[in-house]
Amino acid sequence: MSFPKNFIWGVAGAAYQVEGAWNEDGKGPSIWDTYTHSRRSPVHHHENGDVACDSYHRIKEDVALLVEMGVKAYRFSISWPRVIPDGIGDVNPKGLSFYSELVDELIANNIEPMVTLYHWDLPQHVFDKGGWLNSDIIGWFDKYTRTVVEALSDRVTYWMTFNEPQCFIGLGYYNGSHAPFLNMSDRDVILMSHNVLLAHGTAVRTIRKYAKKTPMVAFAPTGPSVLPKDESEEAIEEARRKTFEFNDFGYILSNSWWADPIFLRKFPDGAKEFFGDDLPDFTEEEWDIVSTPLDFYGCNIYFSMKSKEDFLITAPKPLEKTGEGLTAIDWIITPEVLYWSAKFFYERYKLPIMITENGCAMCDWVMLDGKVHDAQRIDFTTKYLREYHRAAEENIPLLGYIHWSFMDNFEWGLGYDARFGLVHVDYYTQKRTLKDSAYWYRDVIASNGESLFKD
Ligand code: NOJ
């Protein structure tokens with residue numbers, strides 16, 4: 001009852017959520033810096049990532065925690081404005097060396113670095129020049145990509161271009177709940193999507209061209225995953241159809257809006273008819289760029305969808321069962337989603353699956369004995385992983401599982417209220433405490449998942 005040989009067990013974080021040092025060593029501001037500093041920021045308690053987990057100053061301490069947990073991989077993102085402060089011009093050598101040192105420390109401890117190039121912290125200067133609306137961003141992002149690849153690819157194999165375009169475009173420019181907190185027209189949002197897709201494909205080519213080690217390249221989307229009501233053929237087909245329907249939950253948030261162009265070289269069924277002239281086509285050459293082949297299907301999966309409202313408010317409430325268990329931020333708990341999504345994504349896009357994020361926010365605190373007894377996270381993750389294992393049993397190729405998150409951190413619009421970590425962080429002292437789940441995860445990893453099946 002174990003996972004495939006060489007299965008990658010990891011944890012994840014992202015630059016803005018953990019690093020802090022928002023204006024140190026030449027880093028330029030990102031839209032998250034600017035908009036969380038705004039007097040009208042809607043983020044809970046007016047919090048921001050200025051200090052966050054202070055990870056920028058704690059490479060050794062944090063990698064030591066990863067070692068204690070026995071993880072095989074650490075997925076982290078690179079802050080574009082730390083490397084190129086205005087996003088376009090000169091490189092900031094200090095910013096680049098921070099990531100180089102982090103990679104060295106990981107490698108020295110046999111932990112695979114997994115790099116996400118863009119986890120939402122758009123350089124403010126790029127935004128001022130039109131951001132994702134300006135097609136010049138494709139070249140600016142490409143230059144940044146090449147800079148990072150040239151600096152790190154002698155040691156880094158795993159590359160992800162974009163984290164959740166559904167969220168940074170959908171929540172940032174479509175429903176206004178993330179920086180820069182805008183509600184824009186479909187026409188604009190479609191143009192931004194085109195530029196994201198082209199920037200993605202261009203970056204994939206650049207990674208392949210300049211990487212010193214043969215790279216494994218992907219992106220890390222999210223999207224609505226729908227569960228079948230029962231296991232009849234009809235119910236499974238219905239769930240599959242809804243998982244890929246391009247507009248049931250809002251096109252910008254869907255799986256197919258982003259993944260069909262990349263993997264199937266076409267817009268999702270129905271999109272052209274629905275948008276008409278508002279959806280300009282790519283040229284043949286652009287389609288080639290967008291659909292540049294990837295090596296695996298990365299996906300961030302937390303819960304299954306039940307209704308359209310679920311996703312738009314980002315905190316789905318259980319609509320079916322009164323009193324159903326919820327995480328601390330009201331997300332429903334649907335372990336089967338890891339089985340069905342792995343199956344559906346593999347069938348449609350035909351690449352090995354890597355869960356690039358999964359986890360839960362719970363009400364964790366340091367207890368009288370100095371420990372964090374997060375039994376609910378252990379239960380949650382055991383159930384999800386057992387379902388994921390079901391996909392392995394059906395010979396769906398699974399590359400790995402990356403738990404969100406390594407440590408508690410800045411949860412975007414929810415500020416520091418939501419604790420997703422396997423490691424507890426006291427934001428006043430920066431003291432890290434491994435939660436019970438961190439030790440539990442260590443045993444899961446050491447047994448390659450066998451311990452999940454012992455009661
Ligand atoms: C999605 C994002 O990639 C990550 O930044 C966020 O903290 C988690 N999922 C939890 O919401």
message: With the requirement that a residue be in contact with a strand residue (DSSP E or B) (Cβ under 7 Å, 6 or more places away or on another chain) and not in a helix (DSSP H, G or I), what does the stretch 96-119 give you?
response: Ile111, Glu112, Pro113, Met114, Val115, Thr116, Leu117, Tyr118, His119
- line: By residue number, the members of the stretch 9-38 that are of a type in the set (Val, Ile, Thr) and surrounded by 21 or more Cβ atoms within 10 Å (Cβ to Cβ) are Val11, Val18, Ile31, Thr36
field: Out of Leu399, Leu385, sole residue that is more than 14 Å from the ligand (Cβ to nearest atom), within 17 Å of the chain's Cα centre (by Cα) and under 22 Å from Pro4 (Cα atoms)
entry: Leu399
- line: Considering residues that are of a type outside the set (Asp, Glu), within 17 Å of Thr222 (Cα to Cα) and open to solvent by less than 40 Å² (accessible area, probe 1.4 Å), the number found within the stretch 160-194 is 15
message: Among the numbered criteria (1) in contact (Cβ under 8 Å) with a residue 60 or more places away in the chain; (2) more than 16 Å from the ligand (Cβ to nearest atom); (3) in a loop (DSSP other than H, G, I, E, B); (4) under 30 Å from Ile353 (Cβ atoms), which one does Cys53 miss?
response: (2)
query: Any idea which of (1) at negative phi; (2) crowded, with 16+ Cβ neighbours inside 10 Å is the one Ala52 doesn't satisfy?
result: (1)
- line: Residue count, the stretch 374-389, condition within 13 Å of Tyr302 (Cα to Cα) and among the β-branched types (Val, Ile, Thr), comes to 1
- line: Residues in the stretch 411-448 that are open to solvent by less than 30 Å² (accessible area, probe 1.4 Å), farther than 15 Å from Gly359 by Cα and within 16 Å of the ligand (Cβ to nearest atom) total 4
query: Are any of the residues in the stretch 219-228 of a type in the set (Phe, Trp, Tyr), out of contact with any Cys (no Cβ under 7 Å at 6 or more places or on another chain) and not in a helix (DSSP H, G or I)?
result: yes
message: Could you list, ordered by first residue, the pairs with Cβ atoms under 9 Å in which the first is in the stretch 17-31 and on the phi > 0 side of the Ramachandran plot and the second is within 16 Å of the ligand (Cβ to nearest atom) and not hydrophobic (A, V, I, L, M, F, W, C), at least 6 apart or interchain?
response: Gly20/Gly49; Gly20/Ser55; Ala21/Ser55
query: Could you say whether any residue in the stretch 216-223 is farther than 30 Å from Asn110 by Cβ, within 20 Å of the chain's Cα centre (by Cα) and open to solvent by less than 20 Å² (accessible area, probe 1.4 Å)?
result: yes
- prompt: How do the pairs read when you match residues in the stretch 211-224 that are farther than 22 Å from Phe344 by Cα with residues anywhere that are among the basic types (Lys, Arg), using Cβ under 8 Å and keeping only pairs 6 or more apart or on different chains?
  reply: Lys213/Arg155; Pro215/Arg208
statement: When restricted to Ser185, Ser225, the only residue modelled with pLDDT under 95 and polar (S, T, N, Q) is Ser225
query: touching a residue at least 60 places away in the same chain (Cβ under 8 Å) and either within 16 Å of Val11 (Cβ to Cβ) or assigned to a loop (DSSP other than H, G, I, E, B) (or both), is that true of Leu351?
result: yes
- prompt: Do we have Met367 as open to solvent by 20 Å² or more (accessible area, probe 1.4 Å) and either within 16 Å of the ligand (Cβ to nearest atom) or not charged (D, E, K, R) (or both) here?
  reply: yes
- request: Pick out the one residue from Thr157, Thr202 that is more than 16 Å from the ligand (Cβ to nearest atom), in contact with a helix residue (DSSP H, G or I) (Cβ under 6 Å, 6 or more places away or on another chain) and open to solvent by 10 Å² or more (accessible area, probe 1.4 Å).
  value: Thr202
field: Residue within the stretch 63-85 that is in a loop (DSSP other than H, G, I, E, B), open to solvent by 10 Å² or more (accessible area, probe 1.4 Å) and either under 24 Å from Gly139 (Cβ atoms) or free of Cβ contacts under 8 Å to residues at least 24 places away in the same chain (or both) present
entry: yes
- line: The lone condition Trp257 fails out of (1) surrounded by fewer than 19 Cβ atoms within 10 Å (Cβ to Cβ); (2) within 16 Å of Pro165 (Cβ to Cβ); (3) hydrophobic (A, V, I, L, M, F, W, C) is (1)
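The values are calculated or read from the model by the stated rules, or taken from the named source; none is laboratory data. Just so it is clear, the structure is predicted and the values come from calculations on it, not from any experiment. As a convention, Cβ positions derive from the backbone with ideal geometry for all residues, glycine included, and neighbour counts pool all protein chains shown. We work out accessible area using only protein heavy atoms, side chains counted, and drop any ligands, DNA or RNA first. Shrake-Rupley method; radii C 1.70, N 1.55, O 1.52, S 1.80 Å.
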